[in-house]
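Here is the structure we will look at.
The values are calculated or read from the model by the stated rules, or taken from the named source; none is laboratory data. Because the structure is a prediction, the values reported are computed rather than measured. Cβ placement follows ideal geometry from the backbone for every residue including glycine, while neighbour counts extend to all protein chains displayed. The protein model used for the area step is the full one, side chains on, heavy atoms only, and it has no ligands, DNA or RNA in it. Shrake-Rupley method; radii C 1.70, N 1.55, O 1.52, S 1.80 Å.
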Amino acid sequence: MSQTPSARQGEVPQQNHVSTSPHAPGVNSVALEKHATRRRNMIFVLSVAFAATAAIAVLVPILKALWNQDSWIMELMEGHFAAVIGLPSIALLAFILVVLLEARFDKIEMEFFGVVRFKGASGPIILWGFLFLLMATALRFLW
């Protein structure tokens, strides 16, 4: 049976461990803050680019059918404009608001009446759902 040199000498093998704490010795907190800011900005740019790409992918066929004045799209637009245009627009607006809030204030955490607490990934999801529900209800009342 072969052993590693450190195991033969009775030593405990060292593990490579990188600390991300700004108070750890040898860690540059300015560099960590720069990295966090760069990461936050990159997430923001990618999220907005993804939302714009998705909006274009959905809107191009609709706009093409509108340009050609296809009868099926005209009937759909006249009868269900709030559902065809309003709800996807509301979903996109809620997504952009959540991304902007998260990019500006870093983490979204919510607490309702001291009973329910949303942290981590659940914060933005719950906020998006709440915004979408609120705006869809307003659309229903106004339409």
Reported set for segment 62-82 where residues are of a type in the set (G, A, S) and loosely packed, with under 14 Cβ neighbours inside 10 Å is S71, G79
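Can you work out which of the residues in segment 45-56 that are of a type in the set (A, V, I, L, M, F, W, C) and open to solvent by 70 Å² or more (accessible area, probe 1.4 Å) is nearest to L100 (Cα to Cα)?
Narrowing segment 45-56 to residues of a type in the set (A, V, I, L, M, F, W, C): 45-46, 48-52, 54-56.
With open to solvent by 70 Å² or more (accessible area, probe 1.4 Å) added as a condition, the list becomes 45-46, 50, 56.
Details: V45: 10, L46: 12, F50: 14, I56: 20 Å.
My answer is V45.
For segment 93-118, what are the residues that are basic (K, R) and free of Cβ contacts under 8 Å to residues at least 12 places away in the same chain? Walk me through it before giving the result.
Step one: list which residues in segment 93-118 are basic (K, R), which gives 104, 107, 117.
The answer is R104, R117.
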The lone exception for Q69 - which of (1) part of a loop (DSSP other than H, G, I, E, B); (2) under 19 Å from F105 (Cα atoms) it fails
(2)
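Answer yes if at least one residue in segment 119-130 is without any contact (Cβ under 8 Å) to a residue 24 or more places away in the chain, in contact with a helix residue (DSSP H, G or I) (Cβ under 9 Å, 6 or more places away or on another chain) and among the hydrophobic types (A, V, I, L, M, F, W, C), and no otherwise.
So far as segment 119-130 goes, yes, one or more of its residues are without any contact (Cβ under 8 Å) to a residue 24 or more places away in the chain, in contact with a helix residue (DSSP H, G or I) (Cβ under 9 Å, 6 or more places away or on another chain) and among the hydrophobic types (A, V, I, L, M, F, W, C).
With the condition kept exactly as written, say whether any residue in segment 108-130 is β-branched (V, I, T) and assigned to a helix (DSSP H, G or I).
So the first thing to find is which residues in segment 108-130 are β-branched (V, I, T), and the list is 108, 115-116, 125-126.
Applying the additional criterion that residues be assigned to a helix (DSSP H, G or I) yields 125-126.
Within segment 108-130, one or more residues are β-branched (V, I, T) and assigned to a helix (DSSP H, G or I).
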Scan segment 90-104 residue by residue and report those that are of a type outside the set (V, I, T) and either touching a Lys or Arg at 6+ places or on another chain (Cβ under 7 Å) or closer than 12 Å to A54 by Cβ (or both).
A91, L92, F95, A103
When only residues in segment 83-122 that are modelled with pLDDT under 80 and aromatic (F, W, Y) count, which is least open to solvent (accessible area, probe 1.4 Å)?
F118
